[in-house]
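In what follows, a single structure is set out as structure tokens and then discussed.
Nothing in this text is a laboratory measurement; each read-out follows from the coordinates by a stated rule. These numbers were taken from a predicted model, which means no experiment stands behind them. Positions of Cβ are backbone-derived with ideal geometry, glycine not excepted, and every protein chain shown enters the neighbour counts.
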Amino acid sequence: MGKSTSPDAAREAARSWLSEHWKGVDDAAWRDALVDAGWAAPTWPEGSYGLGLSKEAARAAAEEFQGAAAPGACVDLASFHDDPWLRLLGNPLLAFGSPEIKRHFLPMLLKGGIGQNCLLYSEPGAGSDLAGLQTRAEFDGDEYVVNGQKIWTTNGRAANYGLLLARTGWDVPKHAGLTFFVIDMRQPGIEIRPIRQITGDAEFNEVFLTDARVPAAWMIGEPGQGWKVLQVALAAERSGMGSASASMSGTPIRTGLRDAADDLIEAARSAGRLDDPNVRQEIVKILSWRLTNVWTGRRAAAEIRRGPSSLASLGKLAMSRILHSGADFTYRMQGEQSLVYDYDKPLEHPVDRDLMFAFINSIGGGSDQIQRNIISERVLGLPKGFEPDKGVPFRDVRKGADTRSASQA
Ligand SMILES: Cc1cc2nc3c(=O)[nH]c(=O)nc-3n(C[C@H](O)[C@H](O)[C@H](O)COP(=O)(O)OP(=O)(O)OC[C@H]3O[C@@H](n4cnc5c(N)ncnc54)[C@H](O)[C@@H]3O)c2cc1C
């Protein structure tokens, strides 16, 4: 099979494979067979646990799976498991992973066994300027030894693995000295401290890495190629945030996650304001943004499948406005009740919580301002801003005093 397989041929192949293998039980043996045969992710390349099918052919095959009530044959990796790591880790692995690391992680991802994970990118001195990060990974035998600090790590305490961006090169410009790893979070060299958020939740963490170890084989891409690998991971994250915010959070916000307006209509009805023309107009405005962003999300997903895309930034930026507007609307409809918030029971106050949590999309995965920079430079083709450290070896770039010792090591 492959890209040229027609939908009819894919349908026929799926039907024939199902008649031989599907016994009506979704157990470990079924998932092994499904993954080995490439039917768990038929759009993934052949040789990487997929069949290389086009989306249209995979959709036809998926109909056969649905008809037989057999799990599998996800079209764009969303329907088999509702697991964001299929994209966040799967996409960089497919694009840059060695055969060895693919063999280790892809079956685990596809069988649903990878659990919770985290992104170890941001540092106290490197958020928007992520390429300026200073956590260092030093080669030692067949491992790298990692030292440094990460921050804002969502789900850090629950994580089995972390996607780690670390510095391996100090004598090259900042973007060229980064390397991308998957690190085992369950090891003595990793200390995780929760951070209390404005909502009362504590999903964020500080992560301290002290002589933490990562096998060299768990590098994605080559040493110094980390920035390139990161772009694939970030595009997956941003397109996820553009279409369904808070995908990495265990407790997602409710507003903006849909292409309908039931939540807004219900809020207006409860407030007795459904007949107010101003309120009705506001509902329609937010609904139209939501609908438009669903289409942008589809365009971004299609582009990402073909290669690097900046469209995800458009969807993510728009989702920021959608989340804030929806949350602000329901908050206002709730009236004086909105003044009450119990920080120990945030989930009992979903409207207030959504209002505060809406900032997830404006900052997480790259702030709104950074998305605007990306859109202006990569979509609109405007000139880049001033880059004082362009071409300067990272060792010579000015940094905060507390981390300078790391760069001199
Ligand atoms: C809900 C949430 C979840 C997150 N989860 C994770 C996670 O799991 N893993 C992880 O590694 N990180 C995570 N982050 C961190 C997030 O990626 C950073 O907060 C973000 O990149 C901004 O970095 P910063 O906080 O250091 O702000 P700064 O970079 O210090 O920015 C401060 C302000 O300056 C603006 N600014 C900075 N540079 C520019 C510029 N060049 N042009 C215009 N404006 C600029 C920014 O837009 C912002 O308003 C998360 C953040 C949030 C809010």
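Quick notes on this structure:
- Modelled spin labels at Q225 and K3, positioned 7 Å past Cα toward Cβ, are 2.0 nm from each other.
- Evaluated at q = 0.12, 0.14, 0.16 Å⁻¹, a Debye calculation over the C-alpha positions of segment 318-409 (equal weights, vacuum) places log10 I(q)/I(0) at -0.66, -0.75, -0.81.
- Of F357, F139, F181, the one that fluctuates the most in a GNM where the chain has Cα springs shorter than 10 Å: F139
- In this label model, H104 and A68 are separated by 3.3 nm, measuring between points 7 Å along each Cα→Cβ vector.
- Estimated D of segment 7-110 in µm² per second, where Rh is the Kirkwood radius over Cα pairs and Stokes-Einstein applies at 4 °C, 1.567 mPa s: 96 µm²/s
- Ranked T179, T154, criterion: other C-beta atoms within 10 Å, fewest first: T154, T179
- When each of K150/K228; K23/K111; K111/K316; K228/K384 is checked by Cα-Cα distance, pairs over 24 Å: K111/K316
- Three-way shape label, the chain, alpha-carbon gyration tensor, a/c 1.5: oblate
- Helix-only mean residue ellipticity at 222 nm for the chain, each DSSP H run of n ≥ 4 adding -39500 (n - 2.57), per residue, nearest 500: -13000 deg cm²/dmol
- Q197 versus A260: modelled label distance in nm, points set 7 Å from Cα along the beta carbon direction: 2.6 nm
- Peptides 96-102, 19-25 ranked from most to least packed, by the mean per-residue count of other Cβ atoms within 10 Å: 96-102, 19-25.
- Projected onto its three principal axes, the C-alpha set of segment 120-238 covers 41, 29, 24 Å, listed from the longest axis down.
- GNM flexibility winner over the chain from A73, A40, A302 (Cα, springs under 10 Å): A302
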